[in-house]
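Rule-based calculations on the coordinates, nothing more; no lab input. If you're wondering where the values come from, they're calculated on a predicted model, not measured in any experiment. Note that each Cβ is placed from the backbone with ideal geometry, even for glycine, and that neighbours are counted across all protein chains shown.
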Amino acid sequence: MADERAITAALITHVPRDFSGRLDWAAAHPYIRAHLAAHADRSGTLDALAQDPGFLLAADPPRILTILDRDTVSPAARAAGRAYRRARPLVQRSPDAERLAYLALAAHYEHADDLAAQAQTAAD
């Protein structure tokens, strides 16, 4: 678990930041977007990523959904996964400016309160 935690932390340090200092997940290396959730899951640090709307919107959809659907993840992470799954059809065909709003709305509907708050903050 400590090795996975170190890998997770190292991968996150390689995510560029945008002009406001937030992690720019869309600009992250494809390996990070595809595999970070698996490393975080094995390290016990998945909850923070599951509540990060930027990460969810940039992550590889089939991989992140597979991980968030597991019975072993926290209820908050599963709720975030349900919200992401609900928002995904609209997110896929929407301009970037609208994607956070759809995710926030789905998060409210699925009672993923932390994700909803983070999405609203990111949209502001």
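Please compute P(r) over all alpha-carbon pairs of the chain, binned at 10 Å starting from zero, and give each bin as a whole-number percent. Going out from 0 Å in 10 Å bins, the chain shows 15, 48, 34, 4 percent.
Using a cutoff of 8 angstrom between alpha carbon atoms and counting only pairs six or more residues apart, the relative contact order for the chain works out to 20 percent. Count the net charge of all other residues whose Cβ sits under 15 Å from the Cβ of residue 17, scoring Lys and Arg as +1 and Asp and Glu as -1. Neighbour charge sum, excluding residue 17 itself: -2.
Percent of Cα pairs in the stretch 49-96 per distance bin of 5 Å, from zero to the largest separation: 4, 23, 36, 25, 8, 3, 1. Length available on full extension from residue 60 to residue 92: 0.36 nm per residue minus the Cα-Cα distance, which gives 10.3 nm. The 3J(HN,Hα) values that the Karplus relation (6.51, -1.76, 1.60; θ = phi - 60°) gives for the stretch 41-58 are, in residue order, 4, 5, 8, x, 10, 5, 3, 4, 5, 5, 9, 9, x, x, 5, 4, 6, 9 Hz. Gly and Pro appear as x. The label-point distance for residue 4 and residue 22, in a model that sets each label 7 Å from Cα toward Cβ, rounds to 2.8 nm.
I want to make sure I understand the PRE zone here: with the label point 7 angstrom from the Cα of residue 111 toward its beta carbon, which residues in the stretch 38-81 have backbone N atoms less than 16 Å away? Answer for this model: 74-81.
For the peptides 91-104, 54-67, the ranking by mean Cβ contacts within 10 Å, running from highest to lowest, is 54-67, 91-104.
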